[in-house]
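The values are calculated or read from the model by the stated rules, or taken from the named source; none is laboratory data. Quick caveat, the model's predicted, so the values are computed rather than measured. Note: ideal-geometry Cβ built from the backbone for every residue, glycine included; neighbour counts use all protein chains shown. Heavy atoms of the whole protein, side chains included, go into the accessibility calculation; ligands, DNA and RNA do not. Shrake-Rupley method; radii C 1.70, N 1.55, O 1.52, S 1.80 Å.
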Amino acid sequence: MSTVSIKDGKNRFSELVRAAEGGETVTVTRNGEPVCAIVPYKKKGGTNWEAGEKYLRDHGIERIEGWISPDFDDPLPEDFLITPLPEDFDKPRRRK
């Protein structure tokens with residue numbers, strides 16, 4: 001990762017863009033403080049199904065069981081929502 005001042009960056013913009021195209025991140029500074037970065041563009045893609053299938057094969061997983069309860073997104077009962085949490089709810093628990 002390289003660093004360049006705004007003034008120097010203005011004069012070398014094309015060169016810095018080429019560096020980003022090559023995978024480098026360039027930090028742009030003002031008075032020695034970082035203010036932004038020129039970073040490589042990452043294309044937005046979908047799910048890599050081939051990589052997922054390879055992972056399953058490599059780990060000996062032949063089948064995935066996927067099931068969601070039909071009432072998964074039903075509203076919670078009111079008594080559940082108004083019941084206060086126990087006082088020690090956020091404290092770490094010891095395993096026995």
Given only helices, namely DSSP H runs of n ≥ 4 each adding -39500 (n - 2.57), what is the per-residue ellipticity at 222 nm of the chain, to the nearest 500 deg cm²/dmol? -8000 deg cm²/dmol
Kindly write out, for segment 65-73 in residue order, the coupling ³J(HN,Hα) from the Karplus curve 6.51 cos²θ - 1.76 cosθ + 1.60 (θ = phi - 60°), rounded to whole Hz, with x marking Gly and Pro. 8, x, 8, 10, 4, x, 9, 3, 9
On C-alpha positions alone, give me the angle between the axis of helix 49-58 and the longest principal axis of the chain, in degrees, nearest 10. 60 degrees
If contacts are Cα pairs under 8 angstrom and at least 6 residues apart, what is the relative contact order of the chain in percent? 18 percent
Probe 1.4 Å, accessible area per residue of the chain, Å²: 101 Å²
5 Å is the cut-off here: which amide hydrogens, built 1.01 Å from N in the peptide plane, fall below it relative to Ser5, excluding neighbours closer than 5 in sequence? Thr29
Could you give me D for the chain, from Stokes-Einstein at 10 °C and 1.306 mPa s, where the hydrodynamic radius is the Kirkwood radius over C-alpha pairs? Units µm² s⁻¹, please. 79 µm²/s
Which longest uninterrupted range of the chain lacks any GluC sites (Glu not before Pro) assigned by DSSP to a loop state (not H, G, I, E or B) and surrounded by at most 15 other Cβ atoms within 10 Å? 25-61
What list of ³J(HN,Hα) couplings, whole Hz, do you get for segment 12-25 from phi and the Karplus terms 6.51, -1.76, 1.60, once you set θ to phi - 60° and write x for glycine and proline? 10, 3, 4, 5, 5, 5, 4, 5, 5, 4, x, x, 8, 9
Within segment 13-69, DSSP-loop chymotrypsin sites (Phe, Trp or Tyr not before Pro) with at most 16 other C-beta atoms within 10 Å are Tyr41, Trp67
Between the alpha-carbon centers of segment 75-94 and segment 17-71, tell me the distance in whole angstrom. 36 Å
Accessible area of segment 1-95 with a 1.4 Å probe: how many percent of it is carbon plus sulfur? 54 percent
